[in-house]
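Written out below as structure tokens is the structure these notes cover.
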Amino acid sequence: MQYLFRNYYDRTMHAVYRFRGRIDEEALKKAYMAVLSKIDVLHSTFAKNPIRPYWEVNRNYTTEDFFTYAETDDVTGSLDRFITREVSPFGKVQFRAALIRGADEDVWAVICNHMCFDGSDLRYFNMKVAESYTKYLATGDADVEIKTGTRSADQVYSKMSEEDRKHALSLYKNVSTVENKITFPFGADDETLRPRLILRKYPAADFLKTKARGKAMGATVNDIIVAAYFRALFDTVDTGGKTLTVPCMYDLRRYVGGASEGLTNMIGFMPCSLNYVGKDMDETVELVKAALKPAKEDKFTGLYSLPLLKLAYKIFPQVLAEFAIKLGYTNPYIGMSNIGLINPAEFRLGDFEPYDAFYSGAIKFKPYMQLALTTFSNEITFSIGVRVTDKEQLVFENFLKKVTDELYSFAHAE
């Protein structure tokens, strides 16, 4: 499926960690080689077979195939150039890592092909590299244990009762179908299109007030962020008075105890639909709570369409399966992904914990866009990855400001 999604975005995930200390370049390389040796898909080349595509594992890779070190006076520029690159599935290695050294900080950055796994397992991969690095500095041994179980989607049914499993395997409903094709107002292509990651922070002090106020009214942090997103969208997008649906990414690992058996993609959709947002954030939060209540109470949320996709790939050769899926699948024009918490302790490199970090999803192609977010030390980093012009970047920067302004208004309401 992620290969099919090449039509909508660059299928490249991003992770960035900032340190106020010097990271040992050679130790980081040792850690990568130790971890990489246990994750075949990351040192494989995608074979675009028209019947059944497959991964061809490479054994003759070196750190030169994926690792970059740079000393620079322009950390921001160097980082931007690195993380907006695309990882080709036809390369020898399916990720790239960089250690960018500035005057007073080291930045560890990673980009990875989404075909290998999703943001949750990218976080796992990076955590294992950090564990290996720290162990190597302490002992001279970089070996760490890596999960190597199945990558198959079938594992989502493995812990269900027989009755629930049978029901889940019958969920052929196409949840990608939305009634109204509403898109974000991109501008004209009158300038050069360039891949960009547009970022905005929401400070920890405001986040804690947002969280506390939400808890008092029975709303999760995610409910509140979805509400702020909807208010910014209704202020920016011409809905024509129609219902706007925003699919929120839904981690299916909750069906297998929180962790996949192997590194993989385990994400489904949880759509949220509103036709108006009310007079203020409080009212919008209540509308979002009501809109998401059926999905939250549905014991099979996120599993709809999986049997349909499996059937298409099972009965058709790849080239026909893609054609059949394109006929029925609607990629979300506007989406949202809460990638989750980043615990600084899990990404400690030797003596140093990161002082800032964020993850972002793939860079979308017009007319698609997605808001992504991660939380680090109670500070949220919002990101939108898009391939747009300079003028359009300003539009998206203003849009992210609207989202954080809505959150601020909620946090500081009387």
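A dipole drawn for segment 302-414 from +1 and -1 charges on Cβ atoms has a positive end, and of Leu320, Phe352, Phe410 the residue lying farthest that way is Leu320. Put a plus charge on the Cβ of each Lys and Arg, a minus charge on the Cβ of each Asp and Glu, and nothing anywhere else: the dipole of the chain about its Cα centre is then about 1220 debye.
The packing ranking of peptides 142-155, 2-15, 356-369, highest mean first, is 356-369, 2-15, 142-155, where packing means the average number of other beta carbon atoms within 10 angstrom of each residue.
Ratio of Rg to Rh for segment 9-130: 0.98 [Cα atoms; Kirkwood radius as inverse mean 1/r over pairs]. Between Gly335, Gly350, Gly278, the Gaussian network model of the chain with springs among Cα atoms under 10 angstrom shows the greatest mean-square fluctuation at Gly278.
Using a cut-off of 23 Å between Cα atoms, the listed pairs Lys48/Lys173; Lys159/Lys364; Lys209/Lys401; Lys299/Lys364; Lys299/Lys366 include Lys48/Lys173; Lys159/Lys364; Lys299/Lys364; Lys299/Lys366 as exceeding that distance. When the trypsin sites (Lys or Arg not before Pro) in segment 274-312 are filtered for DSSP coil states and for at most 10 other beta-carbon atoms within 10 Å of their beta-carbon, the remaining sites are Lys279, Lys299. Overall, segment 81-197 carries a charge dipole of about 220 debye about its Cα centre when +1 sits on the Cβ of Lys and Arg and -1 on the Cβ of Asp and Glu, all other atoms neutral.
Accessible surface for the chain, divided over its residues, is 44 Å² per residue with a 1.4 Å probe.
Split the accessible area of the chain by element, probe 1.4 Å, and carbon with sulfur accounts for 51%.
Look at the dipole of segment 11-74 built from charges on Cβ: of Trp55, Thr45, Phe66, the Cα furthest out on the positive end belongs to Trp55. When both segment 264-317 and segment 229-244 are represented by their alpha-carbon centers, they are found 18 Å apart. When Rg and the Kirkwood Rh are both derived from Cα coordinates, the Rg/Rh ratio for the chain amounts to 0.95. At full extension, Asn275 and Arg81 could sit 65.9 nm farther apart than now, given 0.36 nm per residue minus the alpha carbon distance. Taken as Cα centroids, segment 157-220 and segment 59-85 sit 30 Å apart, rounded to the nearest whole angstrom.
Dipole size of segment 174-288 about its Cα centre, with +1 on Lys/Arg Cβ and -1 on Asp/Glu Cβ: approximately 420 debye, rounded to the nearest 20.
Of the whole protein surface, Glu379 contributes about 50 Å² of accessible area at a 1.4 Å probe radius. Taking a sphere under 13 Å around the Cβ of Asp298 and counting the other residues whose Cβ falls inside, with K and R at +1 and D and E at -1, yields a net charge of +3. Comparing mean-square fluctuations of Leu274, Leu320, Leu36 from a GNM of the chain with C-alpha springs under 10 Å, the top value falls on Leu320. Highest mobility in the GNM of the chain, judged by mean-square fluctuation with C-alpha springs under 10 Å and restricted to Phe399, Phe90, Phe376, is found for Phe90. A crude spin-label estimate for the pair Glu179 and Tyr69, with each label 7 Å from Cα along the Cβ direction, gives 5.9 nm. Using the rule -39500 (n - 2.57) for each DSSP H run of four or more residues, divided by the residues of the chain, the 222 nm mean residue ellipticity is -10500 deg cm²/dmol.
The values are calculated or read from the model by the stated rules, or taken from the named source; none is laboratory data. These numbers were taken from a predicted model, which means no experiment stands behind them. Glycine gets a Cβ as well: all are built from the backbone with ideal geometry, and neighbour counts include every protein chain shown. Side chains included, ligands, DNA and RNA excluded: accessible areas come from the protein's heavy atoms. Shrake-Rupley method; radii C 1.70, N 1.55, O 1.52, S 1.80 Å.
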